[in-house]
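The values are calculated or read from the model by the stated rules, or taken from the named source; none is laboratory data. Please read all numbers here as calculations on a predicted model, not as lab measurements. FYI the Cβ positions are ideal-geometry reconstructions off the backbone, even for glycines, and counts take in every protein chain you see.
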Amino acid sequence: MALRKYPQLVIVRGDWEWYKQCSEGFIAICRSYSPVLQQFSIDECFIDMSLRCTRENAVAVATQLKDQVKSQLGFTVNVGVGSNKLLAKMASDFEKPDKVHTLWSDEVESKMWPLPVRDLLWVGKKTEERLTAYGIKTIGQLAALGMGSLTRLVGQKFAVQLHENANGRDDSPVETEVAEAKSYSAERTFAKDYIDPKDIDKALFNVACIVAHRIRRDDFRASCVSMFIKYKDFSVAQKQTTLDQPSDVTAIILNAARKMLTEVWDGVTPIRQVGLGVSRLTHESAVQMSLFEDPKMEYYREWDRQFDEDRAQYEDAKMLAYERKKKDG
């Protein structure tokens with residue numbers, strides 16, 4: 001779109017390897033301040049500093065970290081200091097660059113509530129539109145909104161999260177990364193052989209939804225997508241591809257699998273099983289932005305958010321039924 005408007009536009013591609021080197025150096029410095037660290041994206045992390053500093057000297061320690069990154073790596077960072085992960089993240093997004101900001105629980109009303117509702121972590125464009133249409137324009141107004149009204153606007157599970165976050169509450173711990181999954185996969189075996197492309201596509205859609213939900217649940221994005229089909233004689237046709245950018249979006253993963261299906265299936269041989277997997281996982285969410293991102297991406301992400309919410313309710317109900325059965329047994 002940009003090139004159509006201005007054909008002389010010069011596009012300079014990002015240097016992903018250099019980004020990774022800078023990220024690794026940044027994380028290494030942060031880890032020297034505390035071993036309890038959770039990487040949030042390529043250039044963000046949460047650090048549990050409760051054993052190293054107090055509220056009285058937190059700004060001084062954060063300033064030391066910020067200045068060390070600048071002197072050793074040559075770029076600036078903002079450091080947010082807060083009572084929990086949410087408040088620290090919110091504080092880090094205050095005025096930039098090269099700043100240290102605090103957002104303690106007793107500062108939420110004065111520093112966070114006057115901000116636009118879109119500034120609240122996890123509030124996307126679609127959620128913002130729903131809230132502003134209802135007259136909710138600031139985080140403070142969202143914090144004061146009744147749960148009944150908020151539930152009708154965004155659904156029960158997301159409403160609870162938004163209400164807690166708008167009031168500055170977040171009880172999630174800083175989780176160090178240990179023994180994480182290297183890949184995710186799902187497959188579906190048919191009761192009878194399928195030959196109708198619509199049936200096969202529906203099955204591929206179902207397994208893509210499951211796999212994408214699982215990596216979003218565990219805060220991963222995947223760079224590699226693989227798929228296979230199995231025939232009634234147990235022979236297998238399979239293929240894999242690499243995405244342009246790591247992704248957790250169902251539509252991107254599904255479309256990659258659909259393209260591969262046309263390359264491995266002749267369109268006439270009956271299929272007994274279809275499967276899909278993702279690998280080369282990363283927690284990095286700040287990937288290279290493309291001028292040519294699908295304009296429907298916001299819709300895809302909103303669809304995924306609703307799917308995750310519905311799936312979580314289903315999984316919660318399933319676990320509750322299992323616990324009841326185990327108790328009765």
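Worth a mention:
- Within segment 125-154, the only residue that satisfies the criterion of being among the basic types (Lys, Arg) and either assigned to a loop (DSSP other than H, G, I, E, B) or under 23 Å from Ser105 (Cα atoms) (or both) is Lys137.
- Test: Ser110 is of a type in the set (S, T, N, Q), over 30 Å from Val61 (Cα atoms) and more than 22 Å from the chain's Cα centre (by Cα): no
- Segments classed as helices (runs of 4 or more DSSP H), wholly inside segment 1-113, with at least 1 members that are touching a Lys or Arg at 6+ places or on another chain (Cβ under 9 Å): 58-73, 85-92
- When the test is whether a residue is under 30 Å from Leu131 (Cβ atoms), out of contact with any His (no Cβ under 7 Å at 6 or more places or on another chain) and not assigned by TED's automatic domain parsing to the domain that holds His283, Ala159 passes it.
- Test result for Glu109, farther than 25 Å from Met297 by Cα, touching a helix residue (DSSP H, G or I) at 6+ places or on another chain (Cβ under 9 Å), among the charged types (D, E, K, R) and surrounded by fewer than 17 Cβ atoms within 10 Å (Cβ to Cβ): yes
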